[in-house]
Amino acid sequence: MNRRELLKLGGAALAQAAGARSIVRGQSNAHGGLAMQASTPESKADYTLRIAPVEVELDPSHILSTIGYNGTAPGPVLRMREGKTVSVDVINETDTPELVHWHGMLIPPEVDGTEEEGSPLVEPHGRRRFSLTPGPAGSRWYHSHAMAMADLHKGAYSGQFGFVYVDGGIDPGQYDQELFLAIRDWEPFFTANMDDDDDDTHDGPLLEKPAVMNTEPDGLEVGSMTYSINDKALGSGDPIRVREGQRLLIHFLNASAIENRRIALAGHRMRVIAMDGNAVPAPQLVDSIFLGAGERIDAEIEMKNPGIWILGSTEKPIREAGLGVVVEYAGQHMQPQWVDLPKTRWDYTIFGTAASNSPTPQQTIEMTFEKVPGGAGKFNLWLVNGKPYPHDREFVLQQGVRYRLVMRNRTDDAHPMHLHRHLWELREINGKPTAGVMKDTVVVPYYGRAAVDFTANQPGLALFHCHIQQHMDYGFKALFRYA
Ligand SMILES: [Cu+2]
């Protein structure tokens, strides 16, 4: 199978393909040159992403229409080699400008795919060639970074998302199957009754709860009642077929624009080996995983409990609305089983170490997050240090300096905070210290606090934002600049 054929395949088809690694490993030629070139029909890029309307068949009686990549949503799983420069043609067949962001990659702002950083737009019915050098190795993803505001058909609400796996040349282990599973919600709507899994983020104390609360009524948030893993609702499409004794490597991604989620495989525990694509210092067996919007987890699962099981949301209404996939052992015949789990708190620190191998931070950046209920008309307005985006020159980095970023969440939501083009080391969650967990997105618990360290080693503008699209669109972002 060549790449052109590969790109025609959906993520779901790839996810179901046993031993997908050997099929999808990139064959790209080394390709230097300018970051942006006019692409001509004569020269073919290593990868092509065509943005156009797609149909997503969640199940035979529920087919929705959205915008996606290369005819599917999710788009194809792209395999790239760490450090090997590739060209990517982005062809926009829609009527609105688009941006393709490479989440988790350490690449320059010109190709990062963010308007705030000055990345060029791909104009309606236009095309643009990008050249990027993938890295670091691990599970990254690509998605639209267009603003949506009150248009729930745009940006991250659409089907414009997919995995990009950056191969570091190190065999991660002997797996019988490697799967790429993206958690998604569809058909978003505005609602006054938002329900998500944020309570999982901690069980107190509420370190950042304000002494005086703003009691204005909340603005409308974005909700969904339609879910899938990749492009299929629970019970439709092929199950994940396994045999007793197999080892699975599953790359999970929460590709939702609106919600954090907890996921489990009934009858099995998962061994978390990487977060946001980066190996964790202390892999752990867990009953379930919690994924903020934008986060990834790589987990190993030993198939040693024959039966037919559900992998999906720990919340029954969410599972029944589609967020799951059936895992079927060979030779088993029964209804898919679910097993309820005791409610537990998600704790990043169990995957970390006590002491950091990195230099002590030289400077501290303090950030406070606040919500102004109904402050953006129908919606809430979000503030970083008392102001919505932009912040002029409030966050200016000195190249080479190591920073501690302290994020104080004085709101009643858990926010998945993402810094572009940099890697964070998680150092504290709600007063509990840790080290060694490298991430690009961190869920800051409601009324809670997180601290991360990073080195300013990626010159150029870098966008910092909440990965919930509505929060980002209504103020919850800031630009880091280099002096
Ligand atoms: Cu948020």
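The values are calculated or read from the model by the stated rules, or taken from the named source; none is laboratory data. Everything quoted here is computed from the prediction, not taken from an experiment. All Cβ positions, even for glycine, are placed from backbone atoms using ideal geometry, and neighbour counts span all protein chains on display. Accessible surface areas use protein heavy atoms only, side chains included; no ligands, DNA or RNA. Shrake-Rupley method; radii C 1.70, N 1.55, O 1.52, S 1.80 Å.
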Within the range 280-306, the residues that are part of a strand (DSSP E or B), open to solvent by 30 Å² or more (accessible area, probe 1.4 Å), touching a residue at least 40 places away in the same chain (Cβ under 8 Å) and not charged (D, E, K, R) are Pro281, Pro283, Gln284
Restricting to the range 130-144, and then to whatever is open to solvent by less than 10 Å² (accessible area, probe 1.4 Å) and either touching a Ser or Thr at 6+ places or on another chain (Cβ under 7 Å) or not in a loop (DSSP other than H, G, I, E, B) (or both), can you tell me which residue is nearest to Ala45 (Cα to Cα)? Leu132
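Each row is one residue, and each column tells you yes or no for (1) part of a loop (DSSP other than H, G, I, E, B); (2) open to solvent by less than 10 Å² (accessible area, probe 1.4 Å); (3) in contact with a strand residue (DSSP E or B) (Cβ under 8 Å, 6 or more places away or on another chain).
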position: Leu311; (1), (2), (3): no, yes, yes
position: Gly322; (1), (2), (3): yes, yes, yes
position: Glu328; (1), (2), (3): no, no, yes
position: Gln332; (1), (2), (3): yes, no, yes
position: Asp340; (1), (2), (3): yes, no, no
From (1) in contact (Cβ under 8 Å) with a residue 12 or more places away in the chain; (2) open to solvent by 10 Å² or more (accessible area, probe 1.4 Å), pick out the condition that doesn't hold for Val166. (2)
Taking the condition of being among the aliphatic types (A, V, I, L, M) and farther than 24 Å from Tyr69 by Cβ, how many residues in the range 235-262 meet it? 2
Looking at Gly375 and the list (1) surrounded by 18 or more Cβ atoms within 10 Å (Cβ to Cβ); (2) under 23 Å from the mean Cα position of the chain (by Cα); (3) of a type in the set (Gly, Ala, Ser), which single condition is not satisfied? (2)
Select from the range 414-465 the residues that are without any contact (Cβ under 8 Å) to a residue 60 or more places away in the chain and of a type in the set (Phe, Trp, Tyr) and list them in ascending order. Trp424, Phe454
Checking Lys44 against (1) modelled with pLDDT of 95 or more; (2) under 18 Å from Arg129 (Cβ atoms), only one condition comes out false. Which one? (1)
Subset tally (residues that are over 19 Å from Pro108 (Cα atoms) and within 16 Å of the ligand (Cβ to nearest atom)) for the range 406-431: 11
Given the criteria surrounded by 24 or more Cβ atoms within 10 Å (Cβ to Cβ), closer than 23 Å to Arg345 by Cβ, under 12 Å from the mean Cα position of the chain (by Cα) and modelled with pLDDT of 95 or more, does Ala257 qualify? no
Give the number of residues within the range 287-342 that are of a type in the set (A, V, I, L, M) and over 20 Å from Ile183 (Cα atoms). 4
Inspect the range 351-367 for any residue being touching a strand residue (DSSP E or B) at 6+ places or on another chain (Cβ under 6 Å) and either assigned to a helix (DSSP H, G or I) or within 16 Å of the ligand (Cβ to nearest atom) (or both) and give the result as yes or no. yes
Of the numbered conditions (1) out of contact with any Cys (no Cβ under 7 Å at 6 or more places or on another chain); (2) within 16 Å of the ligand (Cβ to nearest atom), Met438 fails exactly one; give the number of that condition. (2)
Would a scan of the range 330-352 turn up a residue that is under 30 Å from Ser144 (Cβ atoms) and of a type in the set (Gly, Ala, Ser)? no
Residues (open to solvent by less than 10 Å² (accessible area, probe 1.4 Å) and not in a strand (DSSP E or B)) located in the range 403-420: Thr411, Ala414, His420
Can you name the residue in the range 185-243 that is of a type in the set (A, V, I, L, M, F, W, C) and touching an Asp or Glu at 6+ places or on another chain (Cβ under 6 Å) and is also least open to solvent (accessible area, probe 1.4 Å) among such residues? Ala233
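Quick grid of which residues meet (1) surrounded by fewer than 23 Cβ atoms within 10 Å (Cβ to Cβ); (2) within 19 Å of the chain's Cα centre (by Cα); (3) within 14 Å of the ligand (Cβ to nearest atom):
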| residue | (1), (2), (3) |
| --- | --- |
| Pro433 | yes, no, no |
| Val443 | no, yes, yes |
| Phe454 | no, no, no |
| Leu461 | yes, no, no |
| Ile468 | no, yes, yes |
